[in-house]
Amino acid sequence: MTRIWTALLAAGMLLLAVPAAAQELTEDRVRQLVLETIRENPGIVMEAVAILQAQEAEAQAGAQAEVLNEQREILERDPNAPVFGNPDGDVTIVEFFDYNCPYCRRAMPELEVLLESDPNVRMVMREWPILGEGSVFAARAALAARKQGLYEEFHWAMMGMEGRAEEPSVLDIAEAVGLDIDRLLQDMDAPEVDEHIATTMRLARDLGFTGTPSFVIGDQLVPGLVESARLIRLVNQVREDQAN
């Protein structure tokens, strides 16, 4: 509300600039005049809010576009990020996710439909454990599974699990998909695991994401659960943009 009042006050001072020069209006007097104007025209407050929101949205969009431009290579081509689908696909989707996020789990079949229906999509996986210690353990275990060549199997099994991802349940699934548990626990402390999570945290912050799942599809930032039909449309839009 302080910013709204500041905007209204600034507008009032501008509107009263000429008489102020002649009458030497004080700031308190300007405030009084602005309040009187608001009482007579209460809709002006909503107009001020709408203007501020539009300015903030424009500024945020500009900042996000700049981040996308600067971070495109690391977002789409990070050698330390797992890739599903076609590694040489012509459209890249980046997913930020957490194994304890119910919407990420609901997104799993939607993503499977996309990958099965479009052989030219590559999907970059960004482990973003933001929902507690169980999420951190699960993300580290998943990233460690890469060294045994079982990341994808482990990922889909985790997304299909019942209940929360905590150390015991994560290790049960790891064993079920054939991972060597002793080796997995050792590999969870590898530097590349730390680096992946730290990079994901930085990218998510810079892009303005506030929750999981969140996607980057071409120049579009897409937060939240997305159905397969919309994913397909967004992918096709990227191809159209690339063709033009």
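The values are calculated or read from the model by the stated rules, or taken from the named source; none is laboratory data. If you're wondering where the values come from, they're calculated on a predicted model, not measured in any experiment. As a convention, Cβ positions derive from the backbone with ideal geometry for all residues, glycine included, and neighbour counts pool all protein chains shown. Quick note on the areas: whole protein, heavy atoms, side chains included, nothing else; ligands and nucleic acids left out. Shrake-Rupley method; radii C 1.70, N 1.55, O 1.52, S 1.80 Å.
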Exercise. Looking at E76, E56, which is the one that is modelled with pLDDT of 70 or more, out of contact with any Leu (no Cβ under 8 Å at 6 or more places or on another chain) and in a helix (DSSP H, G or I)?
Worked result: E76
Exercise. Among the residues of the stretch 234-243, is there at least one that is polar (S, T, N, Q) and within 17 Å of M108 (Cα to Cα)?
Worked result: no
Exercise. In the stretch 222-244, how many residues are open to solvent by less than 10 Å² (accessible area, probe 1.4 Å) and over 8 Å from the mean Cα position of the chain (by Cα)?
Worked result: 3
For this session: Output the residues belonging to the stretch 113-132 that are over 20 Å from the mean Cα position of the chain (by Cα) and in contact (Cβ under 8 Å) with a residue 12 or more places away in the chain.
Result: V113, L115, S117, D118, P119, N120
Exercise. Hey, does the stretch 62-80 have a residue that's within 23 Å of R183 (Cα to Cα) and either surrounded by fewer than 19 Cβ atoms within 10 Å (Cβ to Cβ) or touching a strand residue (DSSP E or B) at 6+ places or on another chain (Cβ under 7 Å) (or both)?
Worked result: yes
Exercise. If you take the residues in the stretch 213-244 that are touching a strand residue (DSSP E or B) at 6+ places or on another chain (Cβ under 6 Å) and free of Cβ contacts under 8 Å to residues at least 60 places away in the same chain, which one is farthest from P129 (Cα to Cα)?
Worked result: L234
Exercise. Are any residues in the stretch 116-135 surrounded by 19 or more Cβ atoms within 10 Å (Cβ to Cβ) and assigned to a helix (DSSP H, G or I), and if so, which ones?
Worked result: G134, S135
For this session: For the stretch 29-39, state whether one or more residues are surrounded by 15 or more Cβ atoms within 10 Å (Cβ to Cβ) and at pLDDT 75 or above.
Result: yes
Exercise. Taking the condition over 14 Å from the mean Cα position of the chain (by Cα), modelled with pLDDT of 95 or more, within 18 Å of G211 (Cα to Cα) and open to solvent by less than 50 Å² (accessible area, probe 1.4 Å), does G89 pass?
Worked result: no
Problem set entry | Qualifying position, being in contact with a Leu (Cβ under 7 Å, 6 or more places away or on another chain), in contact (Cβ under 8 Å) with a residue 60 or more places away in the chain and charged (D, E, K, R), among D90, D98 | D98
